[in-house]
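First up is the structure itself, then whatever we jot down about it.
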Amino acid sequence: MSDSQSSGRAPAVPPRARDEASHGAVPGPRRAALRQRLAELRGPEVPARPLDARALAALAANPGCRRRALLDGAGVDKGALAQALGSPAPFGQSQFAFARGNAFEARVKADGGQELLRLVKEHLGTPGAAGADESARVPDLSAAGPEGRVARTALALREATRDGGGWTLLDHPLLALDVAGSPAYLEPDAVVVDPRGRWTVVEIKSFPMLDGSADAAKVGGAARQSAVYVLALERIAEHTEGASVGDRVLLVCPKDFSNLPAASVVDVRKQRAVTSRQLARLTRVEDIAAALPEGTTFDVSARDGEQLTEAVESVPAAYAPECLAACELAFHCRARARTLGAVESLGRSVRGELGGLTTVGEVLAAAHGEAGDASDPAVAALRRASVLRTEALEDMAAALRAEAGDAREA
């Protein structure tokens, strides 16, 4: 029985809706209009591509990119769009890796999640709980549509916290998070509720944990992804008495080169704070869409490559080399940045050091003394670097000439 039926309180989704203004969501009528507008942008007959936690973490890492914010908010298939633009990106997981990951997750969650619960108790449980022979409740989270699943997940979390006294395992719950005025539905591998009412995210990955540690870059990606789940859980916990969301998540990976599970605790406080701050900086999707020319669409079945290029270029982008590992449109944006000579293609750190110099041409002209204010620290540093480079090349040329003369004498 839901909370609304038993106590007269509103169901799981409306409390979040009551706080839409504080979380940056769009009110009802505007939300409907926004959904219609976003459907027009991706194509009336094109289903929306869901915005998952991995894409959301990548979006939060580059909050200044309006292009990605709009395309992800509209549910545009960026892979198909990049293919139509002639700049496909090698993204995606192989079928073998996908099947291996599914098989490992099934093993971890087998027998009602007993092995998973053992790992949780061992690494995050209450003192003495690791040896307790106790199974977890696994509620049914099935419902009609994503909004129904979100409400069912919220209800299951509340019931598990209210009942207390035992462990509850939520297998693939569905969470919602408002991102730049557009809802994002997120599906963690598992969420565990312990007897104290603490909610813990469990992330299951197929990359190995060798001698108790895994690849740092992959662990970092998993931490950023888990931080998004933590933020979404906090929205529900705000309306659940006695609930708290753990800032440590459990990462479960294969042990060494076997199929046996091993786990480690990952502190995501830093990633959670950064992600929350970056998401708050995102420009609202409806504001970006309102600035587009009339008739703009990213429907690959209704536009040719030239028209799609014009549509994509009508939305400002913030390219950086890091995008190559996180966005399907990165190769297109990189080619465009190189064509324009934008210094962003050299990296964010370089861009920050160059101040008001925005193109490679301006940088070279300043370095050669052809342009720029000599009192500008960036210009002065470039000219000094140019002098040092010239001296180094002259010394090298002199050394090579001397070496060649010695060889002739010999």
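The values are calculated or read from the model by the stated rules, or taken from the named source; none is laboratory data. All figures in this text were calculated on a predicted structure; none of them were measured in a lab. Don't worry about glycine lacking a Cβ; one is built from the backbone with ideal geometry, like all the others, and counts go over all protein chains shown. Side chains included, ligands, DNA and RNA excluded: accessible areas come from the protein's heavy atoms. Shrake-Rupley method; radii C 1.70, N 1.55, O 1.52, S 1.80 Å.
General observations
- Qualifying residue in the range 161-184 (condition: surrounded by 21 or more Cβ atoms within 10 Å (Cβ to Cβ), assigned to a loop (DSSP other than H, G, I, E, B), within 17 Å of the chain's Cα centre (by Cα) and in contact (Cβ under 8 Å) with a residue 40 or more places away in the chain): yes
- Condition met for Val219 (farther than 18 Å from Leu174 by Cβ and β-branched (Val, Ile, Thr)): yes
- Just one of (1) of a type outside the set (S, T, N, Q); (2) open to solvent by 30 Å² or more (accessible area, probe 1.4 Å); (3) assigned to a helix (DSSP H, G or I); (4) in contact (Cβ under 8 Å) with a residue 12 or more places away in the chain fails for Ala217. It is (4).
- Ala227 being closer than 30 Å to Arg162 by Cβ, at pLDDT below 90 and not in a loop (DSSP other than H, G, I, E, B): no
For every residue, the table says whether it meets (1) touching a strand residue (DSSP E or B) at 6+ places or on another chain (Cβ under 7 Å); (2) open to solvent by less than 20 Å² (accessible area, probe 1.4 Å); (3) modelled with pLDDT of 90 or more; (4) of a type in the set (Ser, Thr, Tyr).
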{"site": "Asp267", "(1), (2), (3), (4)": "yes, no, yes, no"}
{"site": "Arg272", "(1), (2), (3), (4)": "no, no, yes, no"}
{"site": "Thr275", "(1), (2), (3), (4)": "no, yes, no, yes"}
{"site": "Arg281", "(1), (2), (3), (4)": "no, no, no, no"}
{"site": "Val285", "(1), (2), (3), (4)": "yes, yes, no, no"}
{"site": "Val300", "(1), (2), (3), (4)": "no, no, yes, no"}
{"site": "Val312", "(1), (2), (3), (4)": "no, yes, yes, no"}
{"site": "Glu322", "(1), (2), (3), (4)": "no, no, no, no"}
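Rundown of residues vs (1) within 30 Å of Asp189 (Cα to Cα); (2) within 21 Å of the chain's Cα centre (by Cα); (3) not β-branched (Val, Ile, Thr), yes/no style:
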site	(1), (2), (3)
Val252	yes, yes, no
Val268	yes, yes, no
Ser276	yes, yes, yes
Arg281	yes, yes, yes
Thr296	no, no, no
Leu308	no, no, yes
Ala318	no, yes, yes
Ala326	yes, yes, yes
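- Conditions (1) of a type in the set (Gly, Ala, Ser); (2) closer than 19 Å to Glu115 by Cα; (3) at pLDDT 90 or above: number failed by Ala136: (3)
- Selected residue [modelled with pLDDT under 90 and under 22 Å from Pro146 (Cα atoms)] from Asp171, Asp178: Asp178
Residue-wise test of (1) within 18 Å of Gly64 (Cα to Cα); (2) outside any loop (DSSP other than H, G, I, E, B); (3) modelled with pLDDT of 85 or more.
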position: Thr339; (1), (2), (3): no, yes, yes
position: Ser349; (1), (2), (3): yes, yes, no
position: Gly352; (1), (2), (3): yes, yes, no
position: Leu357; (1), (2), (3): no, no, yes
position: Gly361; (1), (2), (3): no, yes, yes
position: Ala366; (1), (2), (3): no, yes, yes
position: Ala374; (1), (2), (3): no, no, no
position: Val379; (1), (2), (3): no, yes, yes
position: Arg383; (1), (2), (3): no, yes, yes
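- Within the span defined as the range 336-359, every residue fails to be among the aliphatic types (A, V, I, L, M), over 30 Å from Ala60 (Cβ atoms) and surrounded by fewer than 17 Cβ atoms within 10 Å (Cβ to Cβ).
- Extreme residue, farthest from the chain's Cα centre (by Cα), among residues of the range 381-410 that are open to solvent by 100 Å² or more (accessible area, probe 1.4 Å) and among the basic types (Lys, Arg): Arg408
- Looking only at the range 222-241, residues that are within 14 Å of the chain's Cα centre (by Cα) and closer than 17 Å to Leu174 by Cβ come to 7 in all.
- Candidates in the range 80-124 are the residues that are among the basic types (Lys, Arg) and either modelled with pLDDT of 85 or more or in contact with a Cys (Cβ under 9 Å, 6 or more places away or on another chain) (or both); of these, the one that is least open to solvent (accessible area, probe 1.4 Å) is Lys121.
- Checking each residue in the range 72-114 for being assigned to a helix (DSSP H, G or I), of a type in the set (Lys, Arg) and in contact with a helix residue (DSSP H, G or I) (Cβ under 9 Å, 6 or more places away or on another chain) picks out Lys78, Arg107.
- Hits in the range 234-260 - residues which are open to solvent by 20 Å² or more (accessible area, probe 1.4 Å), touching a Pro at 6+ places or on another chain (Cβ under 8 Å), touching a residue at least 40 places away in the same chain (Cβ under 8 Å) and not charged (D, E, K, R): His239, Phe257
- Among the residues of the range 254-266, those identified as of a type outside the set (D, E, K, R) and more than 18 Å from the chain's Cα centre (by Cα) are Pro254, Phe257, Ser258, Asn259, Leu260, Pro261, Ala262, Ala263, Ser264, Val265.
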